[in-house]
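> After the structure tokens below, expect a handful of questions from me.
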Amino acid sequence: MSMETVTFHEIYSRYSRDVYRFAHWLSGSPAEADDIMAETFVRLWTSDSEIRFESVKAYLLAIARNIYLKGTRTDRRRAELDDRLPDPHHSPLARVETRSELGAVLRAMRQLSEIDRALLLLVAEEELSYDEIARATGLTVGAAKVRVFRARMKLQSILQDGVVQ
């Protein structure tokens, strides 16, 4: 499928949920994630550069991350994710346990640096290859692999030590 045959609407339909989810994980705010997602697609729409279809997702996630980083430089206030939303598929006890685990992971993720958080999200949530992660973050493939491994170890250590702030 060449880029000439792919419309903006098709790209938006295919990747908007991924961009939103990534922005939400980074920012912790549904409203900010909406803004980041919208700005990401505005930049895609107005871009003069040619975009290779096979790298659109990595390109969009890189734009979203850059928008997030620009926003954090100007506004250091961050809201926690609202993990009180009910899950109709679990019992009340399972919801409490899941909410508690989710809350611990979210708090632990917040203790990681932005780049470590972004790398873990790109691997776990977005399921990008290390090559795509390298393109999205500006790292080499080798550096991306090492940073992801170290970020996983940091997160595991925080969760095991129970030092979640």
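> Distance in nm between label sites at Glu50 and Asp34, each 7 Å beyond Cα in the beta-carbon direction?
Those two pseudo-labels are separated by 3.8 nm.
> Here's another thing I want to ask about it. Give me the one-decimal nm value for the distance between modelled label points at Arg150 and Ser113, 7 Å along each residue's Cα-to-Cβ direction.
So the label points at Arg150 and Ser113 sit 0.6 nm apart.
Throughout, read-outs are computed from the coordinates displayed, never taken from laboratory work. The structure presented is a predicted model; accordingly, all values stated were derived computationally and were not measured. Virtual Cβ from ideal backbone geometry, glycine too; neighbours counted across all protein chains shown.
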